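**Student:** Below: one structure in structure tokens.
The values are calculated or read from the model by the stated rules, or taken from the named source; none is laboratory data. Please read these numbers as outputs of a predicted model, since none were measured by experiment. Positions of Cβ are generated from backbone atoms using ideal geometry, with glycine treated the same way; all protein chains shown enter the neighbour counts. Areas reflect the complete protein model, heavy atoms only, side chains present, ligands, DNA and RNA absent. Shrake-Rupley method; radii C 1.70, N 1.55, O 1.52, S 1.80 Å.
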Amino acid sequence: MTDLRIVIDDLDRRLVELLAARSACIDRAVDLKRAEGLPARIDARIEEVVANARRRAGASGLDPDLAERLWREIIGWSVAREERAFAGTEGDV
């Protein structure tokens with residue numbers, strides 16, 4: 001069990017690093033969307049990202065429903081962050 005916990009802890013660390021990198025991309029998206037006159041929420045893109053996550057999950061042996069729930073949570077957080085930045089209430093974006 002100890003060895004397995006070490007592996008899981010390392011995976012968790014890597015997941016957090018990847019989520020932080022994704023968050024940095026969201027911060028960059030704010031600038032690009034402003035410049036292009038795009039809204040924070042683009043429903044067609046959200047559905048495309050979710051469909052990609054479901055497809056990749058299924059191909060990797062992960063439950064697609066779980067992947068969809070996770071990605072919708074991540075996307076919801078990201079859109080809210082962009083909306084706060086557009087409204088000028090996000091200090092660090």
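**Student:** Kindly indicate whether any position in the stretch 7-18 is outside any helix (DSSP H, G or I), among the β-branched types (Val, Ile, Thr) and out of contact with any Phe, Trp or Tyr (no Cβ under 8 Å at 6 or more places or on another chain).
**Tutor:** First, the residues of the stretch 7-18 that are outside any helix (DSSP H, G or I): none.
Checked against the condition, which is being outside any helix (DSSP H, G or I), among the β-branched types (Val, Ile, Thr) and out of contact with any Phe, Trp or Tyr (no Cβ under 8 Å at 6 or more places or on another chain), the stretch 7-18 yields no hits at all.
**Student:** Right, here's the next one. Looking only at residues in the stretch 77-88 that are open to solvent by less than 40 Å² (accessible area, probe 1.4 Å) and not β-branched (Val, Ile, Thr), which one is nearest to Leu15 (Cα to Cα)?
**Tutor:** Applying the first criterion (open to solvent by less than 40 Å² (accessible area, probe 1.4 Å)) to the stretch 77-88 yields 78-82, 85.
From what is left, the residues that are not β-branched (Val, Ile, Thr) are 78, 80-82, 85.
Details: Ser78: 16, Ala80: 21, Arg81: 20, Glu82: 22, Ala85: 25 Å.
Among those residues, the one meeting the criterion is Ser78.
**Student:** Restricting to the stretch 1-59, what's the tally of residues that are among the basic types (Lys, Arg) and more than 14 Å from the chain's Cα centre (by Cα)? Write out each step before concluding.
**Tutor:** Filtering the stretch 1-59 down to residues among the basic types (Lys, Arg) leaves 5, 13-14, 22, 28, 33-34, 41, 45, 54-56.
Now restrict to residues that are more than 14 Å from the chain's Cα centre (by Cα): 5, 13-14, 33-34, 55-56.
Total satisfying the criteria: 7.
**Student:** Suppose we filter Ala40, Ala53, Ala67 for residues that are touching a Phe, Trp or Tyr at 6+ places or on another chain (Cβ under 7 Å), open to solvent by less than 70 Å² (accessible area, probe 1.4 Å) and in a helix (DSSP H, G or I); which single one remains? If you could, list the steps in order and put the result at the bottom.
**Tutor:** Numbers: Ala40 fails: in a helix (DSSP H, G or I); Ala67 fails: touching a Phe, Trp or Tyr at 6+ places or on another chain (Cβ under 7 Å).
Just one listed residue meets the conditions, Ala53.
**Student:** Of a type in the set (D, E, K, R) and open to solvent by 30 Å² or more (accessible area, probe 1.4 Å), is that true of Arg72?
**Tutor:** In short, yes.
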